[in-house]
Protein chains: 2
Amino acid sequence: MSNTLRNRYRADLREMEFQLFEMAKIDELFVPGGFENWNKETSLAVLEQTRQFAYEVSGPLNGYADELGCQLADSPEGKRVVTPKGFKEAWDKLFELGLTNIAVDAEYGGLEGPHALQVVVEEMLTGANTSFNMYAGLTFGAAEMLAAFGTPTQKSTFLGNMLGGKWAGTMCLTEPNAGSDVGAATTKAVKQADGRYKLYGTKIYISGGDNDLTENIVHMVLARIEGAPAGTKGLSLFIVPRVRINADGTLGKFNDVTLGGIEHKMGIRASATCVLNFGESDDCYGELMGGVANEGIKQMFRMMNTARLAVGIQGLALASNAYLAALSYAKDRKQGPSIENFKDANAPKVAIIQHPDIRRSLLEMKAKVEGIRSIAVLIAAHQDRAHFYQGKDDEKAAFHQGQVELLVPIVKAYGSDQAFRVAEIAVQVHGGAGYIKDYGVEQDLRDSKIFSIYEGTNHIQSMDLVARKLGQRGGMNLMALAGEIQAFVEEHKDDATLGGAVATLGASVEAINGAVMRFMGWSGEGKLGLVSMFANRFLELMSELVVGYLLLKGAAIAKAALAGGSTEKAFYEGKIHSAVWFARNILPTTGARAEVMAQEDDSALTISDEAFASA
Amino acid sequence: MSNTLRNRYRADLREMEFQLFEMAKIDELFVPGGFENWNKETSLAVLEQTRQFAYEVSGPLNGYADELGCQLADSPEGKRVVTPKGFKEAWDKLFELGLTNIAVDAEYGGLEGPHALQVVVEEMLTGANTSFNMYAGLTFGAAEMLAAFGTPTQKSTFLGNMLGGKWAGTMCLTEPNAGSDVGAATTKAVKQADGRYKLYGTKIYISGGDNDLTENIVHMVLARIEGAPAGTKGLSLFIVPRVRINADGTLGKFNDVTLGGIEHKMGIRASATCVLNFGESDDCYGELMGGVANEGIKQMFRMMNTARLAVGIQGLALASNAYLAALSYAKDRKQGPSIENFKDANAPKVAIIQHPDIRRSLLEMKAKVEGIRSIAVLIAAHQDRAHFYQGKDDEKAAFHQGQVELLVPIVKAYGSDQAFRVAEIAVQVHGGAGYIKDYGVEQDLRDSKIFSIYEGTNHIQSMDLVARKLGQRGGMNLMALAGEIQAFVEEHKDDATLGGAVATLGASVEAINGAVMRFMGWSGEGKLGLVSMFANRFLELMSELVVGYLLLKGAAIAKAALAGGSTEKAFYEGKIHSAVWFARNILPTTGARAEVMAQEDDSALTISDEAFASA
């Protein structure tokens, strides 16, 4: 099978437009004091431009880059990463187009546009080639840290070069013994007479830790200043360029950041996952982010929403690509007669999309993809509104920011778990063809598996949700969302088309409210084991509630559009089908799955370690 | 990380012994007329011997073989497959030990032992190295066909050489346009004056279609004799050796079976998945299996139970290996303080097995692995009993054979789906380490994905269950199983330890009975779309019922053993914990998930093809 099939990335712009304009209504912010230089046409033009880049530039490299992975080459400064051929040209093109800087200030060459628009742009960039886009994503994340916390000098030194793609960036948190327990980091920083710090330590799993796309790489390194407290409180954030910067901004001497090796991974094989050694020759210098010590974790935490939303978008991207690949295959592939003729050996063969189980599989994928996209765009639109109302209407700003906080663990964990699930279904729809490399869906499956692990495992997300977010602002964030859903239920429960589905949503929100009370009870009684054991389950149920709500909201909008005489019959009817399918097949089980928690099953806590197995 | 970690296969012999002797009670058949040369000691000795082979011979090749995959080399007869170094030596050792021939007649060098014992032997062989064991598994399957349907001459020509590992075997069904729709096969057979047939056609996805382990390969080829009817009814089975056999049994001329290529796959990368061309030079001869025409599908169908059970065992094998790897990792890997001390940066770090969500993950894996093993061993024990009672007590024989028929689609589909799920959890328990090649669980995940696809997709299994098996023998197979579960519920519902869990099982069996009525109703009303759309869901629910039952039955046995003063406290308590966890966390949702079907959701049927997406 030719590589053309394999590398075919697909994006559904009409659906993206729906999420941006009909659901999130981002054009409400195309006003003075908001995104005043934007309109719907410019937004859609950016989507078109991104799709073209994804289809023609980065997408076609995806399968080839997966085969090849990253290579190592010798250099005077030790081993260096060699990315697959074509990445450098794609990188330059990406920054020439400015597609990563939609929501960036004009001062740094950005377009001062909506985060919500950047979300769907990122979806296409990462969907077309996740590995390639990791380098840009990490660079953007590091630049955001600098923009938020850097001193004026730090910003002027680094920011323009990073946002322009001249220098890359990384986040260096993990160490061999400090993964989820980031506070166990032992990388050391020693203050020098001139105010700089010397760094010593090893970081692992550093995405984009080395590359051959840029002339420099700026590492954001969590380290402990000599004498600082144990745990996360003693961690500081250091800016550690691979090559030092001279006073005039030109590149200086190698900064003793050496590549210890790259990992051989299940997926995202063209994203270099590096072991980095800092200060092996006692010559690695870093500067304190913002000039403040022991603030590293706080700084990281404040950027976490963007980083975790980005992983949710990665999930969305591969889920969507896998779905559209399966849909295309199902329309093309003929196999067997229709179910009505299953006994007739001479009946005409039909495309497999005609088979009920394939349609069920496709509609499940469609509903989940659209649901995750709704959440991702909604979060970014809340970010945009929080920013818009800042200083104008603090209560509104706090509401929107609160929704961001509440929904981020959901988009990260549900988005990543379901990406894997959707890709699995896509493989199954392809049958044997799904298991071979030619069609690309097995790559979606492999690539997507890391999303549930990095940027805080999905259990960490679920603990963030149940132990922090549910009670944030005295529970107001949660109550606002639940109230919004309940109001929607009230408004639509008698709808002739959607009423039954909406009633199911109403029962789900009740079940979730009950589950929340249960978690509060456990927390109050100090039953932390139960909180932890059921946190993942709760996150999944709450995610499904949100997805169910957003799909039904979309269906109500679609119904109104059809009633208003829209000619896009297939598109809007498709929205109704997704919502109804989800409400009939997923939501009715919320109650029973929540009720399981009432049993307070502690068998996993009380079993002895020895009883797990005899091998 | 060194390869030693990666290649570490693990098997829990005590648990296997429990399934064989305490659950399936295979020693009841160690009697005259049964397996009269066997006893518990010889059985356990075979398990020990197999484990040693798995740990020392085939297991250590697994990671390396995955990296390398199969290669191609030139030969006078076109391209040939080169398997990874070490496979040939392992192959010879495997047949020297006779581990594949436990249930084979002595006449062919077999040990005349229980199928149930062969199941756990196969579990270890495939768990240690799935790719390697595919060659042996396909050879055995082809030999079984010959043993069942071959003429005396065919048996004497092929069987000894195949069962002895001198010649390999394959099953050649799939063609580019005949996958799930096997009746669409176009490979042609033309009768010659001498009674032989010439074959013409291309088969794809042929596991072990070529290899360098044996001097010959005997292909079982489904083909259509010129003039035979369309569909499955016109298919005949041909024995097509790669190299012809002379009258004296020595090897003759090349038989024009050429290798068209091998697939590049997500997993089982050292199993050669071949395109085979038959008769490209008009010189490929085959003989009719058993000398009968148009019986190919019937012959295949009669062997299908063994083949599908084998895939279930593959799922079991990788699920078990992934579970035991995760358990080992969780005991070794230290990360963070215990949940009680989570705020104390100076608290001692604990092994991650102490964290509640890790324990929950491990117990979920344990329960599923033990449940699938119970089903697999139970099926084989039913096979053994069906054989034992044949001609002695036909009613008993029919009962046991009926249970085999009913449970086979369950072990194949649930075993394969859950293998993937368990491997996914194992990756998650490993965190970032799970995503890199060093620990091997990502290989389990990749290798296991094919199990839901080949040997009849899992949807085909679910249709086999709902459309054939539920109504088989007038529903007696199903009623017998449901009756057995209900009797168990009656007996144990007041048990102090297990009563609550057993009551949940009772509710599940009611829910399943209701669902069966629903399917019968739909079938009666010709609502085939609903049957097909909910078949997978039903299979999953019924599988969970069976798993829940068998785990609780095991727990009751364990409880009795503990009450009887057994010193194996940890082992037996572990059985109780698995069962209780499953009954409290999975079974309570059966009712709600079955009730979904009552909504008769047809949104996937009524959505138009165009409404799925605009891309």
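The single condition among (1) open to solvent by 30 Å² or more (accessible area, probe 1.4 Å); (2) under 24 Å from B:Lys331 (Cβ atoms) that B:Asp394 does not meet is (2). Selection within region A:322-338: residues that are hydrophobic (A, V, I, L, M, F, W, C) and either over 15 Å from A:Asp357 (Cα atoms) or within 9 Å of chain B (Cβ to nearest Cβ) (or both). The member of this set that is surrounded by the most Cβ atoms within 10 Å (Cβ to Cβ) is A:Ala322.
The single condition among (1) over 26 Å from A:Gln418 (Cα atoms); (2) within 10 Å of another protein chain (Cβ to nearest Cβ); (3) of a type in the set (Lys, Arg); (4) part of a helix (DSSP H, G or I) that A:Lys366 does not meet is (1).
Answer with yes or no whether B:Thr250 is in contact (Cβ under 8 Å) with a residue 60 or more places away in the chain and among the hydroxyl-bearing types (Ser, Thr, Tyr). No: the conditions fail for B:Thr250. For beta carbons closer than 7 Å, sequence separation of 6+ or different chains, a first residue in region B:228-243 that is free of Cβ contacts under 8 Å to residues at least 40 places away in the same chain and a second that is in a strand (DSSP E or B) and open to solvent by 10 Å² or more (accessible area, probe 1.4 Å), the qualifying pairs are B:Val243/B:Leu251; B:Val243/B:Gly252; B:Val243/B:Phe254.
Within region A:286-304, track down each residue that is touching a strand residue (DSSP E or B) at 6+ places or on another chain (Cβ under 6 Å) and open to solvent by 40 Å² or more (accessible area, probe 1.4 Å). Correct list: A:Glu287, A:Ala293, A:Asn294. For A:Leu213, state whether it is open to solvent by less than 40 Å² (accessible area, probe 1.4 Å) and either under 15 Å from A:Glu175 (Cβ atoms) or not in a strand (DSSP E or B) (or both). Criteria met by A:Leu213. Going through (1) open to solvent by less than 10 Å² (accessible area, probe 1.4 Å); (2) within 14 Å of chain A (Cβ to nearest Cβ) one by one, B:Asn477 falls short only on (2).
Of the residues making up region B:166-180, those that are modelled with pLDDT of 95 or more and within 21 Å of the chain's Cα centre (by Cα) number 7. If only residues of region A:349-379 that are polar (S, T, N, Q) and touching a residue at least 60 places away in the same chain (Cβ under 8 Å) are counted, the one that is surrounded by the most Cβ atoms within 10 Å (Cβ to Cβ) is A:Ser361. Of the helices (runs of 4 or more DSSP H) entirely within region B:525-615, those holding at least 1 residues that are farther than 23 Å from A:Lys366 by Cβ occupy B:528-563, B:569-585, B:590-595.
Just one of (1) surrounded by fewer than 20 Cβ atoms within 10 Å (Cβ to Cβ); (2) within 7 Å of chain B (Cβ to nearest Cβ); (3) free of Cβ contacts under 8 Å to residues at least 24 places away in the same chain fails for A:Thr606. It is (2).
Of all residues in region A:165-210, exactly one satisfies the criterion of being surrounded by fewer than 23 Cβ atoms within 10 Å (Cβ to Cβ), away from chain B (no Cβ under 14 Å) and among the acidic types (Asp, Glu), namely A:Asp194.
Within region A:92-109, being surrounded by fewer than 21 Cβ atoms within 10 Å (Cβ to Cβ) and modelled with pLDDT of 95 or more holds for A:Asp92, A:Lys93, A:Phe95, A:Glu96, A:Leu97, A:Gly98. Residues of region A:384-395 include none that is within 11 Å of another protein chain (Cβ to nearest Cβ) and within 20 Å of the chain's Cα centre (by Cα). Among the residues of region A:266-284, write down those that are buried (at least 21 other Cβ atoms within 10 Å of the Cβ) and in a strand (DSSP E or B). A:Thr273, A:Cys274, A:Leu276, A:Phe278, listed by residue number.
Looking only at region B:534-543, decide whether some residue is crowded, with 24+ Cβ neighbours inside 10 Å and facing chain A (nearest Cβ under 8 Å). For region B:534-543, residues crowded, with 24+ Cβ neighbours inside 10 Å and facing chain A (nearest Cβ under 8 Å): present.
Yes/no matrix, rows are residues, columns are (1) over 15 Å from the mean Cα position of the chain (by Cα); (2) surrounded by fewer than 24 Cβ atoms within 10 Å (Cβ to Cβ):
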{"residue": "B:Val429", "(1), (2)": "yes, no"}
{"residue": "B:Lys437", "(1), (2)": "yes, yes"}
{"residue": "B:Gln443", "(1), (2)": "yes, no"}
{"residue": "B:Lys449", "(1), (2)": "no, no"}
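Being of a type in the set (D, E, K, R) and surrounded by fewer than 21 Cβ atoms within 10 Å (Cβ to Cβ): is that true of B:Glu491 here? Yes; evaluated as a whole, the condition is true for this residue.
Of the set (1) more than 14 Å from every other protein chain (Cβ to nearest Cβ); (2) at pLDDT 95 or above; (3) open to solvent by 40 Å² or more (accessible area, probe 1.4 Å), all apply to A:Leu146 but (3). Filtered by the rule that a residue be more than 17 Å from B:Phe140 (Cβ to Cβ) and assigned to a loop (DSSP other than H, G, I, E, B), region B:151-172 gives a lone residue, B:Thr151. Taken together, A:Gly529, A:Gly514 contain a single residue that is facing another protein chain (nearest Cβ under 10 Å) and in contact (Cβ under 8 Å) with a residue 60 or more places away in the chain, which is A:Gly529. Only one of the listed residues (B:Leu465, B:Leu498, B:Leu505, B:Leu530) is among the aliphatic types (A, V, I, L, M) and open to solvent by 10 Å² or more (accessible area, probe 1.4 Å). That residue is B:Leu530. Residues in region B:437-453 that are at the interface with another protein chain (Cβ under 9 Å from one of its Cβ atoms) and touching a residue at least 24 places away in the same chain (Cβ under 8 Å): B:Lys437, B:Asp438, B:Gln443, B:Leu445, B:Arg446, B:Lys449, B:Ile450, B:Ser452. Here the condition is being in contact (Cβ under 8 Å) with a residue 24 or more places away in the chain and within 14 Å of chain B (Cβ to nearest Cβ); of A:Asn294, A:Asn346, A:Asn341, it holds for A:Asn294 alone.
Scanning region B:233-261 for residues that are within 11 Å of chain A (Cβ to nearest Cβ) and surrounded by 22 or more Cβ atoms within 10 Å (Cβ to Cβ) gives a single hit, B:Leu235. For region B:556-597, the set of residues classified as under 15 Å from B:Gly506 (Cβ atoms) and not β-branched (Val, Ile, Thr) consists of B:Ala556, B:Ala579, B:Phe582, B:Ala583, B:Arg584, B:Leu587, B:Pro588, B:Gly591, B:Ala594, listed by residue number.
When the test is whether a residue is more than 14 Å from chain B (Cβ to nearest Cβ), without any contact (Cβ under 8 Å) to a residue 24 or more places away in the chain and more than 20 Å from A:Val218 (Cβ to Cβ), A:Ala106 passes it. Within region B:567-592, the set of residues being at the interface with chain A (Cβ under 7 Å from one of its Cβ atoms), open to solvent by less than 30 Å² (accessible area, probe 1.4 Å) and not hydrophobic (A, V, I, L, M, F, W, C) comprises B:Gly574, B:Asn585, B:Thr589.
The values are calculated or read from the model by the stated rules, or taken from the named source; none is laboratory data. The structure displayed is predicted, hence computed values, not measured ones. Please note: Cβ atoms are built from the backbone with ideal geometry, for glycine as well, and neighbour counts cover all protein chains shown. To get the accessible areas, we keep the full protein, side chains included, count just its heavy atoms, and leave off ligands, DNA and RNA. Shrake-Rupley method; radii C 1.70, N 1.55, O 1.52, S 1.80 Å.
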